[in-house]
Amino acid sequence: MADDVLASQEAAQAEPKTPGGDFAVVRELNQRFGSDALVFQPTKDGVPTLWVKREQVLDVLRFLKQLPKPYSMLYDLSAVDERLRKHRYGLPASDYTVFYHLLSIERNSDVRIKVALSADDLSLPTAIPVFANANWYEREVLDMFGVDFKGHPQPFRLLMPRTWQGHPLRKDFPARATEFDPFQLTALRQDQEQEALLFRPEEWGMKKGNEESDFMFLNLGPNHPSAHGAFRIVLQLDGEEILDCVPDIGYHHRGAEKMAERQSWHSFIPYTDRIDYLGGVMNNLPYLLAVEQLAGIKVPPRAQTIRVMMAEFFRMTSHLLFLGTYIQDFGGMTPIFFMFSDRKRAYDVIEAVTGFRMHPAWFRIGGVAHDLPKGWDRLVREFLDWMPARLKEYEKAAMRNSVLKARAIGVAQYNSAEAIEWGVTGAGLRATGIDYDLRKARPYSGYENFEFEVPLAHNGDAYDRGMVRLEEMRQSLRIIEQCLNNMPSGPYKADHPLAVPPNKANTLQDIETLIHHFTSVSWGPVMPEGEASFMIEATKGINSYYLTSDKNTMSYRTRIRTPSFAHLQQIPSVIRGSMIPDLIAYLASIDFVMADVDR
């Protein structure tokens, strides 16, 4: 057994790895726990992946977090229903698998720990004592798969209503509305649903008052303008002071991960646009990079550069909306109108290139949908000539405004260790002084060929998070200009059988080509079996897709890890002891959208 494990590890290490794969951690785990206790799994993404026994999982997680160069961030935690999976060569027997994805900034690498569970014993010890942010992830796994985490302080659903029956991401749960009985809202059911929505402080360890006074419990949302979407947060107040709070999510849940199980690899691309609905084609990118890992597709340089340019355009449009609403939440009304106007200029370029504005779904497996249109360079140049002076004006008129600075500096402050503990990425992490941007740390899609800076701040407060994003827009302009000046020639899509069907003319020559063309167009490509994940530096932070292929025309399991989910879970730890206006400033500075949280 031990010889087989070591042989598989050595074979995997001999293969070329993508950024994020540091196999020193495998040796460290072998030395501590023994190779007999671990089962190594090769994956297409090069992330060290090891199966451990249930009774050892907390010890393994603690060990990884306490290493000299620790895996200090629980980046993701989710599960897979393995019962219908056919291609599981050499993996431990498992009805359900729970996986923990850890990230080390010091090593710039990841490790994935898996635990096999049988259907008649779906329980694990909670990981909250090791990683505080395991709370929501475990509740999501309980909600979607029915896994019980022993010792969890709030062992109830996160995304679905409390009254919901069944676990949606199990394979035997229906995927279409037509497979359910018609919905009927009787008076009794309405009363039950209303009862389930009641907030009970004791469930959250809250007291209703002290010896001197009763506390007030205030609902902010789910339809409050400062909640930035269908988001509810229940505040425990002593006067204006926030003693504690409970974020309540799930109002926007649409089951995107379930949809991926019934859409072909191609037809799921438009769904990714709607996750962070302000990110546009940038949402296509991590999904397609993971698919391309599975297929072994190498994207041509021109397609890579087009992808980078359009992704940075969407970073601009997203950040412009953020900055406008951020200033508005501090009381500045005028800038948002100017920013919407400038955002429209960016969308004019996006529409000219892709044919659509907010949700182009324009990236494709192996490249992009079509080549750049005639005149694209003139439109991009006009935008580049316009925006720098506008950003300078926004900084001078709004961000340097004394009222905004008084409301934001020192508000909702957290340090680097706290950010890592709660899984914060993107501008929220870099505002604490940590220089970690995947475009630099793990370049993808040709980002290694571009010159740009990673904006940093050091106070980790609401003001710094705004300033970092303002400077990120300037760096996006630098990247877009380099794309304009150095756009490679060549194809805009890979010539690969899993990316494009055979030439139509060749289908008239032999039956095999005709069959291939027919199946590619009607059913979509069949991806090789295996697992792959890919992270990118998206508009809100690090976004990734973890795909499991069972050698089929659609994904067996698609895990979507979004940054906003982690950022909202952090709210109570930051805002306790602050005032209500500070919470509004904090929400404004996070930069989240609820579709990115709920999926």
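The values are calculated or read from the model by the stated rules, or taken from the named source; none is laboratory data. These numbers were taken from a predicted model, which means no experiment stands behind them. With ideal geometry, Cβ positions are generated from the backbone for all residues, glycine too; neighbour counts draw on all protein chains shown.
Some observations on this one:
- Close Cβ contacts (under 6 Å, 6 or more residues apart or on different chains) running from residues in region 37-54 that are of a type in the set (S, T, N, Q) to residues that are part of a loop (DSSP other than H, G, I, E, B) and surrounded by fewer than 23 Cβ atoms within 10 Å (Cβ to Cβ) comprise 49/41; 49/43.
- The set of residues from region 360-373 being over 28 Å from the mean Cα position of the chain (by Cα) and surrounded by 13 or more Cβ atoms within 10 Å (Cβ to Cβ) comprises 371, 372.
- Scanning region 99-154 for residues that are under 23 Å from residue 558 (Cβ atoms), touching a Pro at 6+ places or on another chain (Cβ under 7 Å) and surrounded by fewer than 19 Cβ atoms within 10 Å (Cβ to Cβ) yields one hit, 116.
- Across region 155-168, not a single residue is classified as closer than 23 Å to residue 419 by Cβ, of a type in the set (Phe, Trp, Tyr) and either crowded, with 16+ Cβ neighbours inside 10 Å or not assigned by TED's automatic domain parsing to the domain that holds residue 86 (or both).
- If you check 386, 376 for being surrounded by fewer than 15 Cβ atoms within 10 Å (Cβ to Cβ) and not basic (Lys, Arg), only one passes: 386.
- When the residues of region 501-543 are filtered to those that are within 29 Å of residue 427 (Cα to Cα) and of a type in the set (S, T, N, Q), the one that is surrounded by the fewest Cβ atoms within 10 Å (Cβ to Cβ) is 533.
- Any hit, region 364-378, residues being in contact with a Ser or Thr (Cβ under 9 Å, 6 or more places away or on another chain), part of a helix (DSSP H, G or I) and of a type in the set (A, V, I, L, M, F, W, C): no
- Within region 177-189, residues that are modelled with pLDDT under 85 have Cβ atoms under 7 Å from residues that are not aromatic (Phe, Trp, Tyr) and not in a helix (DSSP H, G or I) in these pairs: 180/174, counting only partners at least 6 apart in sequence or on another chain.
- Figure legend. Inter-residue proximity from region 416-443: first residues on the phi > 0 side of the Ramachandran plot, second residues surrounded by fewer than 20 Cβ atoms within 10 Å (Cβ to Cβ) and part of a helix (DSSP H, G or I), beta-carbon distance below 7 Å, spacing 6+ or different chains. Indicated pairs: 433/416.
- Looking only at region 31-64, and only at residues there that are surrounded by fewer than 17 Cβ atoms within 10 Å (Cβ to Cβ) and of a type in the set (Lys, Arg), the one that is modelled with the lowest pLDDT: 32
- Restricting region 579-599 to residues that are crowded, with 23+ Cβ neighbours inside 10 Å and β-branched (Val, Ile, Thr), the residue that is farthest from residue 222 (Cα to Cα): 590
- Checked against the criterion of being surrounded by fewer than 19 Cβ atoms within 10 Å (Cβ to Cβ), closer than 30 Å to residue 520 by Cβ and either of a type in the set (D, E, K, R) or assigned by TED's automatic domain parsing to the domain that holds residue 373 (or both), region 474-484 contains not a single residue that satisfies it.
- When region 394-415 is filtered for residues that are in contact (Cβ under 8 Å) with a residue 24 or more places away in the chain, in a helix (DSSP H, G or I) and of a type outside the set (Gly, Ala, Ser), the ones remaining, listed by number, are 394, 395, 399, 403, 404, 405, 407.
- Filtered residues of region 435-454 (kept if surrounded by fewer than 18 Cβ atoms within 10 Å (Cβ to Cβ) and under 17 Å from residue 107 (Cα atoms)): 435, 440, 441, 443
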